[in-house]
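Presented below is the structure to which this report refers.
The values are calculated or read from the model by the stated rules, or taken from the named source; none is laboratory data. All of these numbers come straight from a predicted model, not from anything done at the bench. Reconstructed Cβ throughout: ideal geometry from the backbone, glycine too, with neighbour counts over all protein chains shown.
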Amino acid sequence: MKWVSRQFGDLDYEDNMVIYFTEGLFGFEQFKKFIIVHDVDSEPFRWLVSVENNDLSFPMLEPGLILPGYEGNGGSDREVWVIATLNKDVEKSSVNLRSPVVIDRKTYEAQQVILDDETLPFQYPLAPAPDTVGGR
């Protein structure tokens, strides 16, 4: 299938690449179908790109890159990602550690969950201030 993304242009994908969010993402509940785009120029980010709205995409990171030991609701059959909010001023960029995206690797069904761990922030800085490195 073909899809035109405002950010990435023409994208080719197969039906089995579509990740289906049963409840959508928080704030974007009406959009359920996404693909993950790996853009080498954006590494280590991956992009969650809607195939229903060509203006909608979210940068994501593997949470262990930000907080070693972070597991979210993962497991052997699940992938866990955290959504980033990027800003030209890197010190204002953050990731949402409290509401990860969890993808079932077998069914490609996904959901964004809110974890009970209140020590995990909704906005964790990508570039923490030097005096907070290693802490939450």
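Conditions tested, residue by residue: (1) aliphatic (A, V, I, L, M); (2) within 14 Å of the chain's Cα centre (by Cα); (3) surrounded by 15 or more Cβ atoms within 10 Å (Cβ to Cβ); (4) assigned to a loop (DSSP other than H, G, I, E, B).
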{"residue": "Leu11", "(1), (2), (3), (4)": "yes, no, yes, no"}
{"residue": "Glu23", "(1), (2), (3), (4)": "no, no, no, yes"}
{"residue": "Gln30", "(1), (2), (3), (4)": "no, no, no, yes"}
{"residue": "Phe34", "(1), (2), (3), (4)": "no, yes, yes, no"}
{"residue": "Asp41", "(1), (2), (3), (4)": "no, no, no, no"}
> Do any residues in the stretch 6-24 that are within 12 Å of Thr107 (Cα to Cα) and in contact (Cβ under 8 Å) with a residue 40 or more places away in the chain have Cβ atoms under 7 Å from those of residues that are among the aromatic types (Phe, Trp, Tyr) and not in a strand (DSSP E or B), where the two are at least six apart or on different chains, and which pairs are they?
Replying inline: Val18/Tyr108; Ile19/Tyr108; Tyr20/Tyr108
>> For the stretch 43-56, which positions are part of a loop (DSSP other than H, G, I, E, B), closer than 16 Å to Glu79 by Cβ and in contact (Cβ under 8 Å) with a residue 24 or more places away in the chain?
In response: Phe45
>> Can you list residue pairs whose Cβ atoms sit under 6 Å apart, with the first residue in the stretch 62-76 being over 10 Å from Val101 (Cα atoms) and the second being of a type in the set (D, E, K, R) and modelled with pLDDT under 70? Count only pairs 6 or more apart in sequence or on different chains.
In response: none
> Would a scan of the stretch 80-92 turn up a residue that is at negative phi, buried (at least 18 other Cβ atoms within 10 Å of the Cβ) and charged (D, E, K, R)?
Replying inline: no
>> Against the condition in a loop (DSSP other than H, G, I, E, B), within 20 Å of Val95 (Cα to Cα) and not hydrophobic (A, V, I, L, M, F, W, C), how does Pro59 come out, does it pass?
In response: no
>> Take the residues in the stretch 43-78 that are small (Gly, Ala, Ser) and farther than 18 Å from Leu115 by Cβ; name whichever of them is surrounded by the fewest Cβ atoms within 10 Å (Cβ to Cβ).
In response: Ser76
> Is there a residue in the stretch 117-136 that is closer than 24 Å to Phe8 by Cβ and at pLDDT 95 or above?
Replying inline: no
